[in-house]
1. When both residues are 6+ apart or on different chains and their Cβ atoms are under 6 Å apart, which pairs have a first residue that lies in the range 284-295 and is open to solvent by less than 20 Å² (accessible area, probe 1.4 Å) and modelled with pLDDT under 95, and a second that is part of a helix (DSSP H, G or I) and among the small types (G, A, S)?
2. Can you run down the residue pairs with Cβ atoms below 8 Å, 6 or more apart or on separate chains, where the first is in the range 229-244 and over 12 Å from D329 (Cβ atoms) and open to solvent by 40 Å² or more (accessible area, probe 1.4 Å) and the partner is in a helix (DSSP H, G or I) and acidic (D, E)?
3. Just give me the residues in the range 34-53 being touching a Lys or Arg at 6+ places or on another chain (Cβ under 9 Å) and either over 21 Å from L285 (Cβ atoms) or open to solvent by less than 10 Å² (accessible area, probe 1.4 Å) (or both), in sequence order.
4. Could you tell me how many of the residues in the range 54-68 are open to solvent by 10 Å² or more (accessible area, probe 1.4 Å) and touching a residue at least 60 places away in the same chain (Cβ under 8 Å)?
5. Failed condition for K24, given (1) modelled with pLDDT under 95; (2) open to solvent by 30 Å² or more (accessible area, probe 1.4 Å), with all others met?
6. Under 9 Å between Cβ atoms, which residue pairs at least 6 apart in sequence (or on different chains) link something in the range 400-419 that is farther than 10 Å from T220 by Cα with a partner that is in a helix (DSSP H, G or I) and among the hydrophobic types (A, V, I, L, M, F, W, C)?
7. Please work out which one of (1) open to solvent by 10 Å² or more (accessible area, probe 1.4 Å); (2) modelled with pLDDT of 95 or more; (3) out of contact with any helix residue (DSSP H, G or I) (no Cβ under 6 Å at 6 or more places or on another chain) is the condition E327 fails and give its number.
8. Filter the range 377-398 for residues that are open to solvent by less than 10 Å² (accessible area, probe 1.4 Å), more than 12 Å from D86 (Cβ to Cβ) and over 20 Å from the mean Cα position of the chain (by Cα) and give the result.
Amino acid sequence: MNAINYRIKVIDSVDQLSKTQWNKLAQGAGPFLSYDFLHALEQSGSCCNASGWQSCHLVIHSSQDIVHVIIPGYLKTHSYGEYVFDHAWANAYSQHGLDYYPKWISAVPFTPVTGPRILSDGTVEFTPELFNALEQMLVSYVASTFGETLSSLHYLFSDINTTALVKPSSTALPNDVTEPNDATEPNNETNSSAHFLTRYTVQFQWHNYNYSQFDDFLDTLTSRKRKDIKKSRRKLTDRGVSFTYATGEQITPDTLHFFTKCYKATYLKRSGHVGYLNDDFFAQLVENFSENMLIVTAKENNDAVASALFFYDETGLYGRYWGALKEIDGLHFACCYFEGIEFAIANSLPLFNPGTQGEHKILRGFEPIYCRSHHKLRHASFHSAVADFLHRETPHIAGYFNQAKNALPFNQAFIPNLKTSSVIAPNDDTHNYNEKNDEI
């Protein structure tokens, strides 16, 4: 597509495009990039200028007003709710008398799940010139609308296809197992031509190897770990703990109310606030998006004690939020992990991403995966400093990944089937240490 045939514009709400236009480009991108999910974030006030998540989506369209590209984005006045931690970069700016905020990120708010960050119909060629044009559009928009200077651009939790567009010369990581080795070295390029820098993190993800039932999954584990999981689940059953699923029209007002009660209680206990997302957000999702929602409710002798919210579509199952009104040993793992695995198997979903954080996921069959983010700081000296930081950080991330994959609890016979390859041996002596009831 020739440059003279398309235009770039910024929109501050998804409803400036039709639901049909948005979802046509977001097809296959996972539940979190759907129109209804992002629209609920905006309309509920969970994402707005006051919350530090001002919608700032980039759109590339033709002279006939056909939308060819959407890049979901937000102007940020803080770094919370992103899960790619750059507070040290912001502090460095402050120490030099510079403003790190506002910055622009392409991401899904409060959702550290890898996926496309550039939704395209394939007709636009993403050249360095185009990325410079996108940057200049954002810079001009921020200056004219808010009277401020944009410090940086970030693509968070990008899939490989987005990585190929943002960093076309980078080396892809096949099956998320190769040690990171693309260019993160310092550079002295001017800010108009500086390339995006890649930062790696590690998450843990369960893969469905065509299991027919939960016991098929257990059979792939070492005998010790298989016994541990069966024992922990049996203890809950003996205590009278059971689980119910609700999807679609099964999500009643009472089901949602109990979930939000648990969600708020857990956030209040840990963080001193009731969570980033409000009641209106969840209510809008149930009204417009319930076919992609799963709420698991845990009951002890028929009394509801905990709840977890998941989202799903053909791309997989994604655990997001959890809360409990009563402390019960092993309940978090059962509700958030094992019930998720049961649901994924029953619905033939290819993967289960239970959320960020937590080495304890390894011992429950969740394999390490690399997550990528791409960063461009418009101040050349700081861009070079961050490049140097990433050059030193990346080997540590790779080392952590390798340690994690060698602690996986799968038995010797099953190891060759793993998507996370090159596992040395199952570590049957790994103990359940430092386990927490982390938010999923």
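The values are calculated or read from the model by the stated rules, or taken from the named source; none is laboratory data. From a predicted model like this one, the values you see are computed outputs, not experimental measurements. Methodologically, a virtual Cβ is constructed for each residue, glycine included, from the backbone with ideal geometry; neighbour enumeration extends over all protein chains shown. Please note that ligands, DNA and RNA were not included when accessible areas were found on the heavy atoms of the full protein model with its side chains. Shrake-Rupley method; radii C 1.70, N 1.55, O 1.52, S 1.80 Å.
1. Short answer, once both residue conditions are applied: none.
2. Going by the 8 Å Cβ cut-off, the qualifying pairs are F243/E339.
3. Across the range 34-53, the qualifying residues are G52, W53.
4. Pass one, the range 54-68, residues open to solvent by 10 Å² or more (accessible area, probe 1.4 Å): 54, 61, 63-68.
Now restrict to residues that are touching a residue at least 60 places away in the same chain (Cβ under 8 Å): 68.
Of the residues in that region, 1 qualify.
5. Looking at each condition in turn, K24 falls short on (1).
6. These pairs meet every condition: A404/I362; K405/I362; A407/I362; A407/L363; L408/I362; L408/L363; L408/I415.
7. Against the list (1) open to solvent by 10 Å² or more (accessible area, probe 1.4 Å); (2) modelled with pLDDT of 95 or more; (3) out of contact with any helix residue (DSSP H, G or I) (no Cβ under 6 Å at 6 or more places or on another chain), E327 comes up short only on (2).
8. Residues satisfying the conditions are H383, A387.
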